[in-house]
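*Asks:* My structure is below; once you've seen it, I'll send some questions.
The values are calculated or read from the model by the stated rules, or taken from the named source; none is laboratory data. If you're wondering where the values come from, they're calculated on a predicted model, not measured in any experiment. All Cβ positions, glycine included, derive from the backbone under ideal geometry; neighbour counts span all protein chains shown. All accessible areas refer to the heavy atoms of the entire protein, side chains included, with ligands and DNA or RNA removed. Shrake-Rupley method; radii C 1.70, N 1.55, O 1.52, S 1.80 Å.
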Amino acid sequence: MPDRTRKAIVAAFNRLIAKSEIEKITTQRIAAEAGVSKATFYRYFKDKYDVLNYNYQELLDSALEQCDNYRDLFFLLYSFARDEWTDFRRAFYTTGVNSFENFVYAYSKSVVEQITTQNRAGAALTPEENLQVDVLCYGISYMYKKWTLGQYSLDPGAAADTLFALMPESLKHLWFVRPPE
């Protein structure tokens, strides 16, 4: 039941953002669209921005389960944005502390850090890699915004190859959840 309720809230938010600017979406509207009370909404999410961010977190986590490497991950993310997120573009118009673009950066960087420490028996990014990953993840968040808004003419494969080429060499061949066979 809890997963079904969470999914209903996320689906309701996604239907609303496909039709409305985020400023016009309230937790009351999301709850009503999902067929739950406001109290139930708050058991699952702290606010509408939490639901917004949950979308990317779920997308990235799901993509990681399907991929073994960064190039394939980039391809899946760009394909999804092109094919599935056309109605979700309004998410990128958020600004300030609730900026979706900032969340994409922060969550993406945390994932890179997890993958790195997993591959290196707990060793973190070097200071040089940390700087490179900061630049890369900020770039990814901005590029993903522009991609979702239809501002690049590259196909997902070309975009994935281009982004993969920018990665630090020391991180390019790290495996994700399972070791390569």
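*Asks:* When Val111 is evaluated against the numbered criteria (1) buried (at least 16 other Cβ atoms within 10 Å of the Cβ); (2) at pLDDT 95 or above, which criterion, by number, is the only one it fails?
*Replies:* Failing condition for Val111: (2).
*Asks:* Condition (residue is in contact with a Phe, Trp or Tyr (Cβ under 9 Å, 6 or more places away or on another chain), among the aliphatic types (A, V, I, L, M) and closer than 15 Å to Arg71 by Cα) applied to the stretch 121-140: is it met by at least one residue?
*Replies:* yes
*Asks:* Please give the number of the condition Gln57 fails out of (1) without any contact (Cβ under 8 Å) to a residue 12 or more places away in the chain; (2) open to solvent by 50 Å² or more (accessible area, probe 1.4 Å); (3) within 18 Å of Phe176 (Cα to Cα).
*Replies:* (1)
*Asks:* With the requirement that a residue be outside any helix (DSSP H, G or I), closer than 20 Å to Val112 by Cα and open to solvent by 50 Å² or more (accessible area, probe 1.4 Å), what does the stretch 68-87 give you?
*Replies:* Within the stretch 68-87, Asp68 is the sole residue that qualifies.
*Asks:* Next up: Checking Val135 against (1) over 21 Å from Thr162 (Cα atoms); (2) open to solvent by 50 Å² or more (accessible area, probe 1.4 Å); (3) among the β-branched types (Val, Ile, Thr), which test does it fail?
*Replies:* Result: Val135 passes all but (1).
Table: residues versus (1) modelled with pLDDT under 95; (2) on the phi < 0 side of the Ramachandran plot; (3) open to solvent by 60 Å² or more (accessible area, probe 1.4 Å); (4) not charged (D, E, K, R).
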| residue | (1), (2), (3), (4) |
| --- | --- |
| Thr27 | no, yes, no, yes |
| Ala31 | no, yes, no, yes |
| Ala34 | no, yes, no, yes |
| Phe45 | no, yes, no, yes |
| Lys48 | no, yes, no, no |
| Asp61 | yes, yes, no, no |
| Glu65 | yes, yes, yes, no |
